[in-house]
1. For segment 419-455, give me each residue that is of a type in the set (Phe, Trp, Tyr) and over 23 Å from LEU488 (Cα atoms).
2. When you look at ALA241, is it open to solvent by less than 10 Å² (accessible area, probe 1.4 Å) and over 22 Å from the mean Cα position of the chain (by Cα), yes or no?
3. Scan segment 518-527 and tell me whether some residue there is surrounded by 15 or more Cβ atoms within 10 Å (Cβ to Cβ) and assigned to a loop (DSSP other than H, G, I, E, B).
4. Going through segment 354-372 one residue at a time, which ones are surrounded by 13 or more Cβ atoms within 10 Å (Cβ to Cβ) and either in contact (Cβ under 8 Å) with a residue 60 or more places away in the chain or in contact with a Leu (Cβ under 6 Å, 6 or more places away or on another chain) (or both)?
5. Can you pull out every residue in segment 308-348 that is within 13 Å of LEU286 (Cβ to Cβ) and of a type in the set (D, E, K, R)?
6. Tell me the residue from ALA236, ALA223 that is closer than 25 Å to PRO381 by Cα, open to solvent by less than 40 Å² (accessible area, probe 1.4 Å) and touching a residue at least 12 places away in the same chain (Cβ under 8 Å), please.
7. Just the residues that are in contact with a helix residue (DSSP H, G or I) (Cβ under 7 Å, 6 or more places away or on another chain) and either farther than 19 Å from CYS471 by Cα or not hydroxyl-bearing (Ser, Thr, Tyr) (or both), please, taken from segment 508-527.
8. List pairs: first residue in segment 68-90 and under 22 Å from ASP418 (Cα atoms) and part of a helix (DSSP H, G or I), second residue of a type in the set (D, E, K, R) and open to solvent by 70 Å² or more (accessible area, probe 1.4 Å) anywhere in the structure, Cβ distance under 6 angstrom, at least six positions apart or on different chains.
Amino acid sequence: MTAEFHPPTDRPAVHRDPGLASALTDAAELPDGETRLAELDRIAARADALGDPHSALDARFALVEAYLRGGGRWRIVEPVRRLLATVDRSPGLLDARPGDAELLRRHLRQAVEAAIGTPRIGLTQADALLDALARRAGEDAAVVAQLRCRLADHRGDEPTARRWYDRWTATDQDPAAGCPGCLPVRRAELLAGWGDDRAALDALRPVLDAVVECTDQPEGALAVGLLPWLRTGATARAATAHLRAYRRHRRERRALPYLAAQLRFCALAGHPERGLDILAEQLPRLDHPYDDLSALEFAAAGALVCALAVESGRDGRRVHRPGHADRPTADLDVATLGTDLLAVATRLAGSFDARNGTGHHAGRIAAWLAERPTGDPVPLPAWESVDEPDDEPPPPSAEEPAPLSLAQLTAVLDARGDVYAVDAGGVVVGRWDDAVIQFSQLGRQGEVLHARVVAARRLPAGRLAEAYEFCNAWNHDRLLPKAYVHELPGGELVLAGDVTTDLAYGVAPTQLGILVDAAVSTGVAYARAVAALP
């Protein structure tokens, strides 16, 4: 995904509770998981009680980012709401934290999107968060029009959604609106859902023509274009897009929202057997979905594939479904699997409709299940005849070492859900809490992974001796990162650190993920320690 990158900002020293600062540093070193989430929540509550709004913000920003990385998107709503409450209680709190002011706007957008994706959050909460975003970004901002459009569409109010769509597309984009490369795909999804297939394909053109850059594209656009191409008679284009997009999305944890389109394409293009292959391969994802809306759509599309497979005489095929929670492992016949998937889709649609006060999602399921192929099966090209994007080889397995590459590194960051930018020299730059971290490749063959962290807080020139003392103490007590002081021409002091790893013999994706996790967690701990200096 294209970056929403925020450069480091100067922050004046503020009074913080030293115990909370130390606790935040320790929490940053905990592995992702419920223990770290509980500790960050405890620190935030303690900061509220002690009247330390800066520590409360730091803890909740970290909590939101941890939820986004861990797949619990719907859980960000409460910490974002409390972030708002903290800022409202302390006017001017973000004046010295402009980067965090922008980050809060981005998290407000993500919280509204999370509410769209789950019935566990009331729409009144989503509307309240969107109103708060409108107060900060302006009612006429593109991000506000976009979210009002998507909320209206989610409720099934197409006329209102179209009015907001027109305002959205007529407004200049802003950083809080999201990735510029993904926005055309979101527009195309809406247009295709309204039956405007040619308009949807027009909306995708900037992505497909590589006018915009995004690490999720063009495969996301190809998946969204599958049904519009099929319905407008561009069947060869749809078939090629199906193979190219699925080659990538079959392996990506966050790609579940695109798989429903793949299943529907197989069903309506006359390839229910191919749809069953995809369903069998991807079925375990339904137990750990990206969000409830993507689970609803995957289950409904899977039920359609099963129905068409039964109608075409493939009811004898059995599909393996792994056990989950109290559900035992089973090899299900197609009819039984279709019934189970329809039950999942119906339950989720009912939850959404009860929350929204409409019958929109139940109606969508019914419409999908009523669809049938309108012609002969669409010829599919051979798998090997479809080139990989940019002629890159398929990604290695999780345990297979391969030469370090930019694609490997960005794939790890994408899987974590991080936001970053890639400059012209191939250096990856992102911001995590108080730390700006750069990942680059050094060495003759680019075989050395170099991670450089820069603390957002800077010190005046008169504190040089203190800065050296801090770095020396850090290097004595900690293994990573190696800390040092950089004196700017104007006299300000930048406290930085770096970690270098020689990967001359290659690196497996799982190993690279561990290295990136370590660089980010220790880098954030270092930057927080700098921020906690008197």
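The values are calculated or read from the model by the stated rules, or taken from the named source; none is laboratory data. Note that the structure is a prediction, hence the values are computed from the model and not measured. Using ideal geometry, Cβ is built from the backbone for each residue, glycine included, and neighbour counts are taken over all protein chains shown. In case anyone asks, the SASA skips ligands and DNA or RNA and just uses the protein heavy atoms, side chains included. Shrake-Rupley method; radii C 1.70, N 1.55, O 1.52, S 1.80 Å.
1. TYR420
2. Values: open to solvent by less than 10 Å² (accessible area, probe 1.4 Å): yes; over 22 Å from the mean Cα position of the chain (by Cα): yes.
The answer is yes for ALA241.
3. In the first step, residues of segment 518-527 are kept if they are surrounded by 15 or more Cβ atoms within 10 Å (Cβ to Cβ); the result is 518-527.
Cutting the leftovers down to assigned to a loop (DSSP other than H, G, I, E, B) gives us none.
For segment 518-527, residues surrounded by 15 or more Cβ atoms within 10 Å (Cβ to Cβ) and assigned to a loop (DSSP other than H, G, I, E, B): absent.
4. Passing the criteria: ARG355, ASN356, THR358, GLY359, HIS360, HIS361, GLY363, ARG364, ILE365, TRP368, LEU369, GLU371.
5. Those that are within 13 Å of LEU286 (Cβ to Cβ) and of a type in the set (D, E, K, R): ARG321, ARG327, ASP340, ARG347.
6. Working: ALA236 fails: open to solvent by less than 40 Å² (accessible area, probe 1.4 Å).
Just a single option satisfies the conditions, and that option is ALA223.
7. Residues satisfying the conditions are PRO509, LEU512, GLY513, VAL516, VAL524, ALA525.
8. Correct list of pairs: GLY70/ASP32; TRP74/ARG120.
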